[in-house]
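Visitor: Take this structure, written in structure tokens, and hold onto it; I'll ask about it next.
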Amino acid sequence: MKKSISILLVITLVLSMGFAACKSNGGSGSGEKGLDDADNEYGIQTVEVTDKNGETVTDKNGDPVTTEVAVKYELRKNKTVAVVIDDNGDPVTDKHGDEVTVKPDIELTTASDDEEDIDDSDDNDKDDKDDKDDKDKDDKDSDDEDDKDDEKEEKTDATEIETDGEEGTTDDELTTLPLSKDKVPTVEEARNKKDKKRVAFSSKDQQIIKNMLEVPYLYNEDYNVNKKNAGVVPINLAAHVALWMAEREGLNTKTYASGTIVLDLFKYFAQTVVNFKTDVNAKADNKNLVYNTKNDTFSIDDFETNKHTVTLTKIEFLGNNNYYLVTAKVSGIGLKASKVYAVIQKNKLDSSLGFSVKGLQWTH
């Protein structure tokens, strides 16, 4: 399922490990169909690196060198096309101006198969959860990563976290596992895991995680707590995240291309939010974010103000595909919650974040 593309294009597109492409039937909030972009999905695919002559680059053992690229799946003339995209969600083009494509790892369905496609997505999510848990327990010790990139996050002093003598693991190098071995833990599984290792993140990484958990109204929804709701991102939760991610874009506009919003959600959750465009107008509890069916855009009237404060108290390494359990105190929202457990993944989907949130449980 691999296809060679120019290394000059690939170098700028190394984003993450081999994430699964989660199915999404983004339609219109008003039930209309026929949008060109309605059935788009996003994912990560592995491709072979080639040199300027088109020859496959190999390592010292003679094996092909591979990397991961972000792709947008589109249905064109009833055929699925995987278009390579950049950090902004725009198609990457070659020297002739043609879109760079790779062989798709999934097949989209036509609009008439929407309901069946939703069911398939649920089944796929369950299958992923049933995959054997990988026992890889690499001990990774490293110095705090250098602050080389301009961050969009506000810098403040991070909480000092007790680590029981275990040093932090904030390496640039990340464990890469094939999909068959990548098992996203639920919050319940993470909390009950016996061999967790307490670690310390750099002040920068702690601040990023704190900011991601302080998304306004994030506390209104749990996510991936146990097997009953494993892998399903609530639409209302995603709507608040979409507003926060859009604000980070720093654009002077109230109209956003749907691809920008959907890709931002993919970066935050490391998966596609199923049926987000179809359901957001009806299921979100705010009116600041509206999906416009006619031109496939989102309107944002205003952003949201932070209501709660998160103080990190513990970070534990879970192993597998760079998963961690974060424990934090919550204040500012009264009886709603005083503590949050979050499963996060360290990755490269968003260069200024470096993490995705894979599970949330708000409790006391």
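Visitor: Collect the residues in the stretch 301-311 that are surrounded by fewer than 20 Cβ atoms within 10 Å (Cβ to Cβ) and touching a strand residue (DSSP E or B) at 6+ places or on another chain (Cβ under 6 Å), keeping them in residue-number order. Walk me through it before giving the result.
Guide: To start, the set of residues in the stretch 301-311 that are surrounded by fewer than 20 Cβ atoms within 10 Å (Cβ to Cβ) comprises 301-307, 309, 311.
309, 311 - these are the residues of the stretch 301-311 that are surrounded by fewer than 20 Cβ atoms within 10 Å (Cβ to Cβ) and touching a strand residue (DSSP E or B) at 6+ places or on another chain (Cβ under 6 Å).
Visitor: Going by the conditions given, is residue 314 open to solvent by 10 Å² or more (accessible area, probe 1.4 Å) and farther than 25 Å from residue 70 by Cβ?
Guide: Numbers: open to solvent by 10 Å² or more (accessible area, probe 1.4 Å): yes; farther than 25 Å from residue 70 by Cβ: yes.
Spelling it out, residue 314 is indeed open to solvent by 10 Å² or more (accessible area, probe 1.4 Å) and farther than 25 Å from residue 70 by Cβ.
Visitor: Give 338, 331 a once-over and let me know the one that is touching a residue at least 24 places away in the same chain (Cβ under 8 Å), open to solvent by 10 Å² or more (accessible area, probe 1.4 Å), polar (S, T, N, Q) and more than 18 Å from residue 241 (Cβ to Cβ). Reasoning before the result, please.
Guide: Values: 331 fails: touching a residue at least 24 places away in the same chain (Cβ under 8 Å).
Step by step, each of 338, 331 is checked, and only 338 is touching a residue at least 24 places away in the same chain (Cβ under 8 Å), open to solvent by 10 Å² or more (accessible area, probe 1.4 Å), polar (S, T, N, Q) and more than 18 Å from residue 241 (Cβ to Cβ).
Visitor: Any residue in the stretch 282-290 that is surrounded by fewer than 16 Cβ atoms within 10 Å (Cβ to Cβ), touching an Asp or Glu at 6+ places or on another chain (Cβ under 9 Å), in contact (Cβ under 8 Å) with a residue 12 or more places away in the chain and among the charged types (D, E, K, R)?
Guide: The answer is yes; a qualifying residue exists.
Visitor: Restricting attention to the stretch 202-232, which residues are on the phi < 0 side of the Ramachandran plot, touching a strand residue (DSSP E or B) at 6+ places or on another chain (Cβ under 6 Å) and assigned to a loop (DSSP other than H, G, I, E, B)?
Guide: Within the stretch 202-232, 214, 222, 225 qualify.
Visitor: Quick one: in the stretch 266-275, of everything that is assigned to a helix (DSSP H, G or I) and at pLDDT below 95, which residue is nearest to residue 323 (Cα to Cα)?
Guide: Filtering the stretch 266-275 for residues that are assigned to a helix (DSSP H, G or I) and at pLDDT below 95, the one nearest to residue 323 (Cα to Cα) comes out as 267.
Visitor: Going by what's in this entry, would residue 281 be described as in a helix (DSSP H, G or I), out of contact with any Leu (no Cβ under 9 Å at 6 or more places or on another chain) and more than 26 Å from residue 45 (Cα to Cα)?
Guide: Working: in a helix (DSSP H, G or I): yes; out of contact with any Leu (no Cβ under 9 Å at 6 or more places or on another chain): no; more than 26 Å from residue 45 (Cα to Cα): yes.
Answer is no for this residue.
Visitor: Return the only residue of 260, 255 being out of contact with any helix residue (DSSP H, G or I) (no Cβ under 6 Å at 6 or more places or on another chain), surrounded by fewer than 18 Cβ atoms within 10 Å (Cβ to Cβ) and closer than 26 Å to residue 41 by Cβ.
Guide: Numbers: 260 fails: surrounded by fewer than 18 Cβ atoms within 10 Å (Cβ to Cβ).
Residue meeting the stated conditions: 255.
Visitor: For residue 247, state whether it is open to solvent by less than 60 Å² (accessible area, probe 1.4 Å), at pLDDT 95 or above and of a type in the set (Asp, Glu).
Guide: Numbers: open to solvent by less than 60 Å² (accessible area, probe 1.4 Å): no; at pLDDT 95 or above: yes; of a type in the set (Asp, Glu): yes.
The answer is no for residue 247.
Visitor: Quick one: what pairs do we get from the stretch 73-92, first residue farther than 14 Å from residue 104 by Cβ and without any contact (Cβ under 8 Å) to a residue 60 or more places away in the chain, second open to solvent by 30 Å² or more (accessible area, probe 1.4 Å) and of a type in the set (D, E, K, R), C-beta under 9 Å, 6+ apart or different chains?
Guide: 91/99
Visitor: In the set 255, 260, which member is under 21 Å from residue 89 (Cβ atoms) and either at pLDDT below 95 or among the charged types (D, E, K, R) (or both)?
Guide: Just one listed residue meets the conditions, 260.
Visitor: Tally the residues that are free of Cβ contacts under 8 Å to residues at least 60 places away in the same chain and assigned to a loop (DSSP other than H, G, I, E, B), restricting the search to the stretch 341-364. Steps first, answer last, please.
Guide: As a first pass, look at the stretch 341-364 and keep what is free of Cβ contacts under 8 Å to residues at least 60 places away in the same chain: 363-364.
Subset that is assigned to a loop (DSSP other than H, G, I, E, B): 364.
Total satisfying the criteria: 1.
The values are calculated or read from the model by the stated rules, or taken from the named source; none is laboratory data. Please read these numbers as outputs of a predicted model, since none were measured by experiment. All Cβ positions, even for glycine, are placed from backbone atoms using ideal geometry, and neighbour counts span all protein chains on display. In case anyone asks, the SASA skips ligands and DNA or RNA and just uses the protein heavy atoms, side chains included. Shrake-Rupley method; radii C 1.70, N 1.55, O 1.52, S 1.80 Å.
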